[in-house]
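The values are calculated or read from the model by the stated rules, or taken from the named source; none is laboratory data. This is a predicted model, so every value here is computed, not measured. Reconstructed Cβ throughout: ideal geometry from the backbone, glycine too, with neighbour counts over all protein chains shown. Remember, those area values only see protein heavy atoms, side chains included, never the ligands or the DNA or RNA. Shrake-Rupley method; radii C 1.70, N 1.55, O 1.52, S 1.80 Å.
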Amino acid sequence: MTQLSIQTLAMYIGGTIDTADQARLEDSIHGVNKIEDAGEGEVTFLANAKYARFAETTHAACIIVDHDFQPPTGLRSVLIRVAQPQQAFLKLVQYFEARYRTSIQTTSGFRHPTAVVADSARVDATASIGAHVIVSNGCSIGAGAALHSGVVLYDNVSIGEGSVLHANVVCYDGTRIGARCLIHAGTVLGADGFGFAERTDGSFEKIPQIGTVVIEDDVEIGANCTIDRAALGSTVIEQGVKLDNLIHIAHNAVLGEHTAIAAQTGVSGSTRIGKRNRIAGQVGFVGHISTSDNVVVLAQSGVSKSLDNKGVYFGSPAKSHADALKQEAALRQLPQLLKEFRALKTELENLKAQQQSSS
Amino acid sequence: MTQLSIQTLAMYIGGTIDTADQARLEDSIHGVNKIEDAGEGEVTFLANAKYARFAETTHAACIIVDHDFQPPTGLRSVLIRVAQPQQAFLKLVQYFEARYRTSIQTTSGFRHPTAVVADSARVDATASIGAHVIVSNGCSIGAGAALHSGVVLYDNVSIGEGSVLHANVVCYDGTRIGARCLIHAGTVLGADGFGFAERTDGSFEKIPQIGTVVIEDDVEIGANCTIDRAALGSTVIEQGVKLDNLIHIAHNAVLGEHTAIAAQTGVSGSTRIGKRNRIAGQVGFVGHISTSDNVVVLAQSGVSKSLDNKGVYFGSPAKSHADALKQEAALRQLPQLLKEFRALKTELENLKAQQQSSS
Amino acid sequence: MTQLSIQTLAMYIGGTIDTADQARLEDSIHGVNKIEDAGEGEVTFLANAKYARFAETTHAACIIVDHDFQPPTGLRSVLIRVAQPQQAFLKLVQYFEARYRTSIQTTSGFRHPTAVVADSARVDATASIGAHVIVSNGCSIGAGAALHSGVVLYDNVSIGEGSVLHANVVCYDGTRIGARCLIHAGTVLGADGFGFAERTDGSFEKIPQIGTVVIEDDVEIGANCTIDRAALGSTVIEQGVKLDNLIHIAHNAVLGEHTAIAAQTGVSGSTRIGKRNRIAGQVGFVGHISTSDNVVVLAQSGVSKSLDNKGVYFGSPAKSHADALKQEAALRQLPQLLKEFRALKTELENLKAQQQSSS
């Protein structure tokens, strides 16, 4: 476990130590945490007056504060004073994150003896291959790429420079992954698309799915997602796309660059999502539609038609967010409306009766 | 395969055998089943008159019945008479369940030679480690815990006493699992939370996710779930929580003790679910909200605001179940209302016309 | 990589080559593709006049066309003329698909040395077992079946003739899979059903789940699905059923033959889906209901009651599609109705006032 003394840490962020007890300068810090949760050996920060009350109760070994911070009476933590506490803290987060990344990844050039790598695979000397990994015929693994334990690559899979596949990711035949991608554990890329021709008796004949999946550069895909291979051609995840967990992308779908999709959303076959879309969780898209660039779709929406203009959409079926809100508000008034309507009908009947009797 | 003779089984449940054919007392029983499905070698029971007709047709080797049961003419099964057939049967279910557990788990102290266990890992002598399991640096595995084939533990994972991880479960760096937990196959604990800062050009910068996941004691988690690590601090599943399959729990969420959640539900980041909540399937919770203790949320609901009072909620957006039912009932009347409204308008026009002509 | 020369390919589909450059007859073809995407070494086809414009720009090595096709000026591809281009192309798709299947599957009789196969397992001599596969006690694997890398079979699992389990599929104790099934990567069959008895303090006691899962013949199941074992008896997927990805089937559910279900749908406990149902994506079924044969349920529906008649259903809660459309149309008019209703009320008040003043 990488550790820093408080003294070294203060130097690293260019801060001034403020403590009565000089012996503590040698205390070890091994991680970062929120002030309300931080414990021994952890560093935290204070940038928001709302959290100042935690300075008295926190168990953090040290707190990064600004130059004006007034220490409370019961303070136990060492203070490190800097001009901008939040930025200094972020620098530490990245420091410990780098350490964490090193610790979970096999190191550069690592080959675990239990990995099975086909003779015909081209694996860069700086790529690292974890335990029980399978790299099949014709695969190519770029510089600095890392395959964690239990990853299975079928034939002819290519993994770009610096990409990381977490444990038990499966890439079917021909999957292509670009550079600097991060694929989380249990995700399956390139399984057969869901395509069947119905026979007259209602049974099915499989339509061969012989296309592939292309993941461009700088894509992150969450855990236990499924991205199917195309029937013909490619399912494409363009550069910079970010996918959360348990997302389903069907055959021949295309996700435009820098689009982000939250957990449990599904995109049906041949649908094209535009660039920089922001799709919330549990959304569904029917097949063979498209969305414009810069579209926002809110949670649990069901998109049944193409969205040709940028904007915010909501509902099942999805409509403009403004219309959806109007309908929802109207719907809340509907039970009352029904009552009033019945009353009004009676009134009108009375009025008619009166008029007839008076005429 | 563990087996019991009918004679031993009757002794085990304290019952009296009722059969004309004493030779059958030595017949072997190897499992339990429902009376309509039971076959040779299986024991079943009859506690409900509704199922009595199956006594004549069942292929069960023996049936547990009460003292008053009148055997039908065509009965082929041996009868075992007890005071409370259902309770006696449950005792047998637990007996065979224990056998089943033994058969699928590696036995106490087992180490499959293909498992990869880091030197720095502390594995209790009574824990069992299946084939192709990875236990990385700094892990600790408690007494009687069992890791099935293909489980991958990254660095510094701790597994409490008696917990069972089924095949291909993945625990990222630092995941902590308490005692007597049961995690089903393919579940991923501790993958990165979904956190990105948007750049001005619409592309994303990853926010490091360096917190962890804490699973307290007596938690059961279904198959292919994903529970993400916190950005900072911990995602927490409190004691006694039960999760079904394909559930997504985002970074920094907290599930209160003894809460149960059905399949395919998602909980967004930093949301806190109270104690003893009962959440149905395919429900979604937005981020940064909370629910009270003892809340019930019905299937496919979308919870977009905190639920501050216990009670039953339904709908997307979720409202009190009573309100949701009223709206749904009103909605069913809406097409008719529209027709009647148009008729009423016409009537009113007529009335006005009449009034004007008469005045 | 299997390849065909253009000459051989033309013979294979019984076509006539039409090119000015005889040297190209020896060019190698290694795959099929759509005309707009096809590149070097790929064959495509033209059957629809709408796509004829791509003939000029495609990089395909050759195009299958009919006898009347007029080549454009800039054509670079070799033409192969046949009576029915689409059918000839499908024959090639199947040819390359067979090649693809061979390449990703281990070959007949293959045993990877890292596979762990119990002595008591019966594995047909023609079955193939990939790297790091686990086959536990009492399993039986039929002729020609293939288990890809990382598949885990617990005790007493049976796999029928010709069935293929993709990487990291997990089958718990006693799972039975019929002939010619295709199970995609990461799917978990036979995990415990979600069954608990609530104690008076709101905590749970597990109800043992000791039934099993039965998958009949010719079933295809997508990636990362979960099909739970029954509490007692069996969860049954009848012959010919096709399931997409990330589907959840709960304990004791039954899916009738030749039913197809799209991604992310969930079926709750003991629910029986009829034969030849067509269920769209993200649908939910509550427990203990049934559907008739030939039922269609549209996307994101929530089925809360048995559907006793064939037909098309939609909505949450699901109703007949016709009623759902009427309600949706009415709902769109509701905000306007509310306005008009208020206007009408005012008018009626005026009318009453007039009448009173005039009487």
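The table for this structure:
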read-out: Residue list for the range A:146-175, restricted to those being among the β-branched types (Val, Ile, Thr), under 17 Å from A:Lys242 (Cβ atoms) and open to solvent by less than 10 Å² (accessible area, probe 1.4 Å); value: A:Val169
read-out: Boolean, A:Gly202 is part of a loop (DSSP other than H, G, I, E, B) and touching a Lys or Arg at 6+ places or on another chain (Cβ under 6 Å); value: yes
read-out: Every residue from the range A:189-205 that is in contact (Cβ under 8 Å) with a residue 12 or more places away in the chain and closer than 30 Å to C:Gly274 by Cα; value: A:Ala191, A:Asp192, A:Gly193, A:Phe194, A:Gly195
read-out: Any hit, the range A:344-357, residues being assigned to a helix (DSSP H, G or I), under 31 Å from the mean Cα position of the chain (by Cα), buried (at least 17 other Cβ atoms within 10 Å of the Cβ) and not small (Gly, Ala, Ser); value: no
read-out: Residue match in the range C:211-220 (condition: of a type outside the set (A, V, I, L, M), under 15 Å from the mean Cα position of the chain (by Cα) and surrounded by 20 or more Cβ atoms within 10 Å (Cβ to Cβ)); value: yes
read-out: Qualifying residue in the range A:326-336 (condition: more than 30 Å from C:Leu344 (Cβ to Cβ), of a type outside the set (D, E, K, R) and in contact (Cβ under 8 Å) with a residue 12 or more places away in the chain); value: no
read-out: Residue in the range A:281-290 that is within 23 Å of the chain's Cα centre (by Cα) and on the phi > 0 side of the Ramachandran plot present; value: yes
read-out: Answer residue from the range C:287-337, given it is within 14 Å of chain A (Cβ to nearest Cβ) and in contact with a Lys or Arg (Cβ under 6 Å, 6 or more places away or on another chain) and is surrounded by the most Cβ atoms within 10 Å (Cβ to Cβ) among those; value: C:Val295
read-out: Subset of the range C:113-138 (residues that are surrounded by fewer than 24 Cβ atoms within 10 Å (Cβ to Cβ), away from chain B (no Cβ under 12 Å) and outside any strand (DSSP E or B)); value: C:Asp119, C:Ala121, C:Asp124, C:Ala125, C:Thr126
read-out: Failed criterion for A:Lys50 (all others in (1) part of a loop (DSSP other than H, G, I, E, B); (2) loosely packed, with under 13 Cβ neighbours inside 10 Å hold); value: (1)
read-out: Enumeration of residues in the range C:205-220 that are facing another protein chain (nearest Cβ under 10 Å), more than 30 Å from B:Gly240 (Cβ to Cβ) and in a strand (DSSP E or B); value: C:Glu220
read-out: Among the candidates A:Ile227, A:Ile261, residue that is more than 26 Å from C:Val93 (Cβ to Cβ), crowded, with 24+ Cβ neighbours inside 10 Å and more than 7 Å from every other protein chain (Cβ to nearest Cβ); value: A:Ile261
read-out: From B:Val164, B:Val169, residue being more than 10 Å from chain A (Cβ to nearest Cβ) and of a type in the set (A, V, I, L, M); value: B:Val164
read-out: C:Val82 vs. criteria touching a residue at least 12 places away in the same chain (Cβ under 8 Å), more than 14 Å from chain A (Cβ to nearest Cβ), out of contact with any Cys (no Cβ under 8 Å at 6 or more places or on another chain) and open to solvent by less than 60 Å² (accessible area, probe 1.4 Å); value: yes
read-out: For B:Asp308: the one exception among (1) under 27 Å from C:Gly269 (Cα atoms); (2) over 25 Å from the mean Cα position of the chain (by Cα); value: (1)
read-out: Selection within the range B:176-191 - surrounded by fewer than 24 Cβ atoms within 10 Å (Cβ to Cβ) and either among the aromatic types (Phe, Trp, Tyr) or assigned to a loop (DSSP other than H, G, I, E, B) (or both); value: B:Gly178, B:Ala179, B:Arg180
read-out: From C:Ala118, C:Ala83, C:Ala125, residue being farther than 30 Å from A:Ala118 by Cα and of a type in the set (A, V, I, L, M); value: C:Ala83
read-out: Pairs, first on the phi > 0 side of the Ramachandran plot in the range A:296-323, second of a type outside the set (A, V, I, L, M) and in a strand (DSSP E or B), C-beta under 9 Å, six or more apart; value: A:Gln300/A:Gly284; A:Gln300/A:Phe314; A:Gln300/B:Gly284; A:Gln300/B:Gly302; A:Gly311/A:Ser320; A:Gly315/A:Gly302
read-out: Meets criteria (of a type outside the set (A, V, I, L, M, F, W, C), modelled with pLDDT of 90 or more and crowded, with 17+ Cβ neighbours inside 10 Å) for C:Gly284; value: yes
read-out: Residue check, A:Leu25 open to solvent by less than 60 Å² (accessible area, probe 1.4 Å), in a helix (DSSP H, G or I) and without any contact (Cβ under 8 Å) to a residue 60 or more places away in the chain; value: yes
read-out: Failed item, numbered, when C:Glu238 is tested on (1) touching a Leu at 6+ places or on another chain (Cβ under 8 Å); (2) more than 10 Å from chain B (Cβ to nearest Cβ); (3) open to solvent by less than 30 Å² (accessible area, probe 1.4 Å); value: (3)
